[in-house]
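The values are calculated or read from the model by the stated rules, or taken from the named source; none is laboratory data. On a predicted model such as this, the values are computed, not experimentally measured, just so you know. Neighbour counts run over all protein chains shown; Cβ positions are idealised from the backbone, glycine included.
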Amino acid sequence: MIHITPFNKDNTTMQKRICFVTSVLIVLVFSFPFSIFGATSTSVLELDAAGIERDAQLVNLRVDRPNGVIMLDDTELYEDDAPAAGVPEGYNYSGKEWIEDLKKGIIIKKLLKIDNPEAWSGRLVFKAIEVNKNTTPLHLSLNGIEFLRPASRYAAPFAKQFIDKNWDRWYYVDLPSGALKKGINEVQMWADSDSVSWRVLISLEKEFARGSLTRTHHPNRSMKSSDGGRTWSDTKLGATDSVDGEYAIRISLDHHVQSGEYVSPIIDVIDNGNLLKRNISLTNTNITVNMEVPENTGASVYTRFGNSPLSDDPSWTAWRTATVGSEITDTAGKRYFQWKADLYTDNPLKSPLIKHIRVTSEWEDRSPNSTMGITSHTVRNGKVVHSSYPFVYEDLTHKDLEKFRKNHKLDRIVEGATSEFEVMMRLLNWAYRIPLTSDRYSWDWNDVTIIEKGEKGMPRLQEPYEGRRRDAMCLYSNQALIGALLSLGYQARHINIHSEVLSGHEVTEVWSNEFNKWIYMDATRDYYYFNPDTGIPYNLLEIHDLLKEQMPYIETLHRPFAGEYENQIGHRIHIGMREGNNPVSIVEHGTHIMEIMGYFRIIPRNDFLSNPLPVPVHTGATMWGWDGFLNHYDEKFPKRYEYQTQTDRAMDFYEPLNQAEVFLSETDEAGLLTVNIATYTPGGFDTFLVRINDGEWIEQKEPIWLWNLKSGLNRLEVRTRNVRKVLGPVSLLDVTYNP
């Protein structure tokens, strides 16, 4: 017997939530009318937290894998400067106008609003520069409670990024216990040195509208005193008292965020995971979701049902709240379901926990093929899954992509290429050599390159470089590469990497239909990495994981691995590097770049032509702090506290594109199957291409059709074609039928 704990309708602060400390079993029973056809069978699907996570979307949630639960994310960032973080347009990186110099008599103040300060721990996070050979501590106060950040040579002797590099860096300083309060918290910083010893960066007011569509103005919570705290100004900031904005000072707390959402993949209650769906009649389905919901937290569960594995099929019901013990009668016979859960907390030290789901279904076999031999075999099948944090892809028919393609005569660059990958290699080499502009603030691919006519009107390319790195900043050659790939119909994206001490780098990843995966490319050096045993190119996460295997310890800001192991770990990694036709070997450069792959992040869109804003403010010129990035972390390279949106799930970075995921279902007629195809072909889907039994490829516009089997082996191949006539990976399935 399963004990059903009802909703507490008297709880006024958590309406429509489940509010009990003990485990809660949400049990849904669906009974369907049916006619007697045969013996009743039972299917049981049980998923623990790992199974529940697989292919699902988790927004502001994390998986506690050792304890086997899904919970609210447990780090929260409070900031108001991130949209404009970066070098403001019209200013030099070394300019004093937008950087605050701290010395005797100068105090800066930051106000940060915190709704609930309860936390296990927390830290002050700020973006600053220590002057060369600094020995002066930075004085800090939080709501009047003073503490110090000593000079790095004393506080963090292994942190060479603070000591040897005269660049801005993010600093983390533990907060004094009990200093935080609900509401406005006041942070002050100063240095008791005769000359400048610390410099704090400022996000300028004029850049907020570039970096955000919603946070277009600063809240005016940064102030400066030049007379030791007697008078304050919130408009005359910077070393020349000439700018307005927000200091890059933030607070990160270790506590649960207020809410998050779980969305499951589509689940077949009978044949989940099986390619060939038998013809059945459902009699009832019992779904039990096991969650632990402590006091002052809550969870709402929703379900929907359909007759098709395709999520946009009209048979799907709307999302409905799962009321405990209720019977839903309008889902009769719908074998596919999807569920989602909204988790909440009013106590940031507690979170609801998703633990387990059990699906039990009773059904009758109505297969017309039950007395015949019919088996299916997947040689390869597409997969349609989506990131928890959706990526917005550019329209591949955008007029400015066509302009880029024609102006640079890219069709002639790739003419004669015998494979998709060769096309990409030619574009990679082209982007390595094409002259670039110095426009650091446009993300329009047409603004990045310079068209200089050479022989026969072709764009003039630079001669091969004497070294192995081109002269322009790494971002721009890779922007040129992304523009070229998009203009020919290949989805590509910007990605940046960094490791403490060794700074960072901007690179490209492109979706390869030929290899059915994302792959890494770098136009700054005209190369990529590959598995030396298979020859298959790597994506960034795969290279990162090879680096992680060699890591001797968990990296922290105070002990970055490169400070002790620089130029040592990269040489241990078993990896191939594409040399291309350049005169200088890539090995030393490539080994160095691998050592700065500890952290990486993506801008979760590439539609900069359709939507020019928001964008990072001159990314790559300072340590990244923009709030639009999706950031990766893992057990060796933990969370970066200057960011909010972070994930350790590979699926959130590497959703497959241009897929044809095939589902086969029996009909009422022997030897006749229904074919359903799901796809995710962003930027412009054109058609499916289908081939049966090694026949001709034919166009198939619709995702559903009937397939008559012949006696013996039947083979089905399906692929997508996008609006640029680029072909997706082939799905190949065999069905043996012996009537």
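Highlighted here are the strands (runs of 3 or more DSSP E) found entirely within segment 15-76 that include at least 3 residues which are under 20 Å from H632 (Cα atoms) and either of a type in the set (V, I, T) or at pLDDT 95 or above (or both): 57-59, 61-64, 69-72.
Entry remark, segment 669-697: residues being at pLDDT 95 or above and farther than 16 Å from V723 by Cβ number 17 in total.
Each row is one residue, and each column tells you yes or no for (1) farther than 21 Å from I603 by Cβ; (2) assigned to a loop (DSSP other than H, G, I, E, B).
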residue: T508; (1), (2): no, no
residue: T534; (1), (2): yes, yes
residue: E549; (1), (2): yes, no
residue: Y553; (1), (2): yes, yes
residue: L557; (1), (2): yes, yes
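The set of residues in segment 683-695 that are of a type in the set (S, T, N, Q) and outside any strand (DSSP E or B) contains only N693.
Assessment of segment 555-576 against the conditions (among the hydrophobic types (A, V, I, L, M, F, W, C) and either closer than 20 Å to M651 by Cα or touching a Gly at 6+ places or on another chain (Cβ under 7 Å) (or both)) yields no matching residue.
Scanning segment 453-466 turns up at least one residue that is out of contact with any Lys or Arg (no Cβ under 8 Å at 6 or more places or on another chain), farther than 19 Å from I586 by Cα and either surrounded by 24 or more Cβ atoms within 10 Å (Cβ to Cβ) or not assigned by TED's automatic domain parsing to the domain that holds R719 (or both).
Residue by residue, here is whether (1) surrounded by 15 or more Cβ atoms within 10 Å (Cβ to Cβ); (2) in contact (Cβ under 8 Å) with a residue 12 or more places away in the chain; (3) under 22 Å from S94 (Cβ atoms); (4) in contact with a Ser or Thr (Cβ under 8 Å, 6 or more places away or on another chain) holds:
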residue: L213; (1), (2), (3), (4): no, yes, no, no
residue: R221; (1), (2), (3), (4): yes, yes, no, no
residue: W232; (1), (2), (3), (4): no, yes, no, yes
residue: V243; (1), (2), (3), (4): yes, yes, yes, no
residue: A248; (1), (2), (3), (4): yes, yes, yes, yes
residue: L253; (1), (2), (3), (4): yes, yes, no, yes
residue: Q258; (1), (2), (3), (4): yes, yes, no, yes
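Scanning segment 444-475 for residues that are closer than 20 Å to N606 by Cα and in a loop (DSSP other than H, G, I, E, B) returns D444, V448, M473.
Of D634, D652, D648, all but one fail to be at negative phi, surrounded by 20 or more Cβ atoms within 10 Å (Cβ to Cβ) and of a type in the set (D, E, K, R); the exception is D652.
Any chance you could count how many residues in segment 372-388 are surrounded by fewer than 16 Cβ atoms within 10 Å (Cβ to Cβ) and either more than 15 Å from Q659 (Cα to Cα) or of a type in the set (V, I, T) (or both)? Residues meeting the conditions: 6.
Here H571 fulfils each of the conditions (1) in a helix (DSSP H, G or I); (2) surrounded by 15 or more Cβ atoms within 10 Å (Cβ to Cβ) apart from (2). Against the numbered list (1) outside any loop (DSSP other than H, G, I, E, B); (2) in the same structural domain as Y599 (by TED's automatic domain parsing); (3) not aromatic (F, W, Y), L673 comes up short only at (2). So which residues in segment 70-100 are over 17 Å from D244 (Cβ atoms), more than 20 Å from the chain's Cα centre (by Cα) and surrounded by fewer than 21 Cβ atoms within 10 Å (Cβ to Cβ), if there are any at all? Y78, N92, Y93, S94 - these are the residues of segment 70-100 that are over 17 Å from D244 (Cβ atoms), more than 20 Å from the chain's Cα centre (by Cα) and surrounded by fewer than 21 Cβ atoms within 10 Å (Cβ to Cβ). All conditions but one from (1) assigned to a strand (DSSP E or B); (2) surrounded by 13 or more Cβ atoms within 10 Å (Cβ to Cβ) apply to Y680; the one that does not is (1).
Considering the conditions (1) farther than 30 Å from K548 by Cα; (2) among the acidic types (D, E); (3) at pLDDT 95 or above, E635 is excluded by exactly one of them, (1). For segment 391-416: of the residues being β-branched (V, I, T) and within 17 Å of A480 (Cβ to Cβ), which is surrounded by the fewest Cβ atoms within 10 Å (Cβ to Cβ)? The qualifying residue surrounded by the fewest Cβ atoms within 10 Å (Cβ to Cβ) is V414. In segment 620-634, is there at least one residue being over 30 Å from I251 (Cβ atoms) and either outside any loop (DSSP other than H, G, I, E, B) or touching a residue at least 24 places away in the same chain (Cβ under 8 Å) (or both)? Within segment 620-634, not a single residue is over 30 Å from I251 (Cβ atoms) and either outside any loop (DSSP other than H, G, I, E, B) or touching a residue at least 24 places away in the same chain (Cβ under 8 Å) (or both). Screening segment 288-371 for strands (runs of 3 or more DSSP E) wholly inside it with 1 or more residues that are surrounded by 15 or more Cβ atoms within 10 Å (Cβ to Cβ), β-branched (V, I, T) and modelled with pLDDT under 95 returns the ranges 297-306, 353-365. When each of P117, P83, P157 is tested for being in contact with a helix residue (DSSP H, G or I) (Cβ under 6 Å, 6 or more places away or on another chain) and either assigned to a strand (DSSP E or B) or outside the structural domain of V263 (by TED's automatic domain parsing) (or both), the lone residue that passes is P83. The residue list S203, S195 contains one member that is polar (S, T, N, Q), assigned by TED's automatic domain parsing to the domain that holds S121 and within 33 Å of the chain's Cα centre (by Cα), which is S203. Being surrounded by 22 or more Cβ atoms within 10 Å (Cβ to Cβ), acidic (D, E) and farther than 20 Å from D74 by Cβ: is that true of E661 here? No; evaluated as a whole, the condition is false for this residue. If you filter segment 135-150 down to residues that are surrounded by 21 or more Cβ atoms within 10 Å (Cβ to Cβ) and under 30 Å from T619 (Cβ atoms), you find that the one that is farthest from the chain's Cα centre (by Cα) is L138. The single condition among (1) over 30 Å from F685 (Cβ atoms); (2) modelled with pLDDT under 95 that T449 does not meet is (1). Could you list all residues from segment 554-598 that are of a type in the set (S, T, Y) and without any contact (Cβ under 8 Å) to a residue 40 or more places away in the chain? Hits for segment 554-598 are Y565, T591. Please identify the pairs in which a residue from segment 691-708 that is on the phi > 0 side of the Ramachandran plot has its Cβ atom under 8 Å from the Cβ atom of a residue that is of a type in the set (S, T, N, Q) and surrounded by 14 or more Cβ atoms within 10 Å (Cβ to Cβ), counting only partners at least 6 apart or on another chain. Sorted first by the residue in segment 691-708, then by its partner, the pairs are N693/N714.
For segment 108-134, the candidate set comprises residues that are basic (K, R) and more than 17 Å from Q644 (Cβ to Cβ); within that set, the residue that is farthest from the chain's Cα centre (by Cα) is K133. Scanning segment 599-623 for residues that are farther than 24 Å from D526 by Cβ, surrounded by 21 or more Cβ atoms within 10 Å (Cβ to Cβ) and in contact with a Pro (Cβ under 8 Å, 6 or more places away or on another chain) yields P614, V617.
Just to confirm my filter: which helices (runs of 4 or more DSSP H) fall fully inside segment 391-436 and include at least 1 residues that are within 23 Å of N516 (Cβ to Cβ) and within 27 Å of the chain's Cα centre (by Cα)? Even if it seems obvious, please write down each step before you answer.
Details: elements: 399-407, 410-414, 420-433.
It comes to 420-433.
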